[in-house]
Amino acid sequence: MSAFSNRLQMRFPAISWEPTAQDATKRSPRMNEQSQTATEKKRDVSSDIVKGLAIFLMVYGHIIHVGSLSYVQDGLVRVIYTLHMPIFLILSGFYFTGFKEPKEGVRRILSRLIRPYVIFGGLYLIALMLSEHFLHIRTANSAPTSFQEFFETLVLHPKGGYWFLHTLVILQLSICIGALIGSAKGEAYSLCFGLAFIMIADMLTLVSDRSVVFFCIGVAIGRPRSTVPKSLLLGLALLGTTLYENDGVPFAAIGLTTVAWDMGALLVVMSLSAHVQKFAISEYIAWLGRNSLAVLVFHTALLQAVKPFIPQLLAIDATGFTYSVISVLAGSLGSVLMFWLLDRLNLSKHLLGIHRSYSPVKF
C-alpha cells in the first residue's frame, strides 16, 4: 500500500454502524415488520410445494364439472376430497404457534383471518344472491333468502370455499383462548384448555370432526419438530395398507384408516417435493403455496365469474375439459393476481391486516 493510501486511510477511517435497540424503536412499523420477516426462520420449501398442490386441487374440486366427461372429473374429485384439505389442516396445525404468545395470536387471527373472512365471505354470499335471483346462474350453493339466514351462514355455517377460513378461525382462536387461561401453569395446560374449547366448538357443529382431528395432528407433530416429516417408504406403506383394508376405495368417514391414508399421502408428497426443488416448476408451485390465502379468499368469486361462459366453452370443447382448465387458472392464478393488485393499491393493510400480502416468485 502506498504512503498516500496510508495517509488517506488515517484521515478518513472506515466507519461501521451497528443498529442499537434505540435505533430499532425509531423504525416505522412497516420497517420492523419487514425486518422481522427477513430474520424469521426459513420455511421448508417442501411445505410450500405441498400447499401449492393442495390449493390447486382445492380449486379444481370446487368447479361444477360439465360436459361429456363430467363423470370422470367427478370421480377424480371424490379422490381429491379425501386428501387435499386434510393435508392443509395438518400443515396449518403444524405451523400454528399462537399458543406461545396468545395475545399476539388473537391479534393476528382478528386481522389476518377474521377480517378477510367477514369481508370476502360476505361478498360471496351477496354474489350468490345476485347470481341466483337476478342473473339466474346455476351455483353449487344456495343463496340466503333472508338477513337472518345471511348472518347465520356467515357466522355459524359458511358456504363454499370459505368454510376453511371459518374453521381456521375457530380452531386457532380456541387454542389462543385456552393459552390465555392456562398460560400461568405452562404450555401443557394451555394446550389442554385449547383442546377443551375445540371440543366444545365441535359439539356445537361449528367445526367438523375431520377438521379437529387433522388440525390437532398437525399441532402434535409440530411440537417436537421444526420441519414437516418426510418418508416415502412409510407413506407408501400407509397408503397401501389403507387401500387394502378398504378394498381399494378411498373414503371420507373419519377413523384410524382415514388418518393413516392422509398421513401417508402427506409423507409421500413431502418426500417427493424435497427431490423436485431443482426444477423451475417446483418454485411456481411453491409460489402458489405461499399465496394460498389469496386463493382461499378470491377463488370462489373468480370461479363464479367464469360460469356465464359455460355454453360458449362447451361449444368449443364438449368434453368440458377446456372449461375446467380455464376455471382452475382463473381461480388460482387470478386470485394471486388479486393479492398483487391489493399491494399495489395499498389496500392489503386495510383488508388483510398486513402491508404486503403478495409473495413473489423466488429463484
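Full extension of the segment from Ile119 to Ile326, taken as 0.36 nm per residue of separation minus the current Cα-Cα distance, would add 71.9 nm. Here the label points at Ala305 and Thr257, each 7 Å from Cα along the C-beta direction, are separated by 4.4 nm in the simple model. Take the Cα of Met199, step 7 Å toward its Cβ, do the same at Arg78, and the gap between the two points is 3.5 nm. Fewest-first ordering of Cys192, Cys216 by other beta carbons within 10 Å of each residue's beta carbon gives Cys192, Cys216.
Any of Lys307/Lys349; Lys185/Lys349; Lys51/Lys278; Lys278/Lys307 with alpha carbons more than 29 Å apart? Name them for me. Pairs exceeding the cut-off: Lys307/Lys349; Lys185/Lys349; Lys278/Lys307. Sequence-ordered 3J(HN,Hα) estimates for region 60-66 from the Karplus curve with 6.51, -1.76 and 1.60 and θ = phi - 60° stand at 4, x, 8, 7, 7, 7, 10 Hz, glycine and proline given as x.
Remark: region 83-228 is approximated by an ellipsoid whose semi-axes, taken from the C-alpha gyration tensor as √(5λ), come to 32, 16, 13 Å, largest first.
Each residue in Arg78, Arg344, Arg210 was given a count of other beta-carbon atoms within 10 angstrom of its own, and listing them fewest first yields Arg344, Arg78, Arg210.
Segment Ala188..Arg356, full-extension length gain: 57.1 nm, with 0.36 nm per residue of separation and the alpha-carbon distance subtracted.
The ranking of Asp202, Asp74 by Cβ neighbour count inside 10 Å, starting from the fewest, reads Asp74, Asp202.
We did not get these values from a lab; they are worked out from the coordinates using the rules stated. Just so it is clear, the model here is predicted, and its values are computed rather than measured. All Cβ positions, glycine included, derive from the backbone under ideal geometry; neighbour counts span all protein chains shown.
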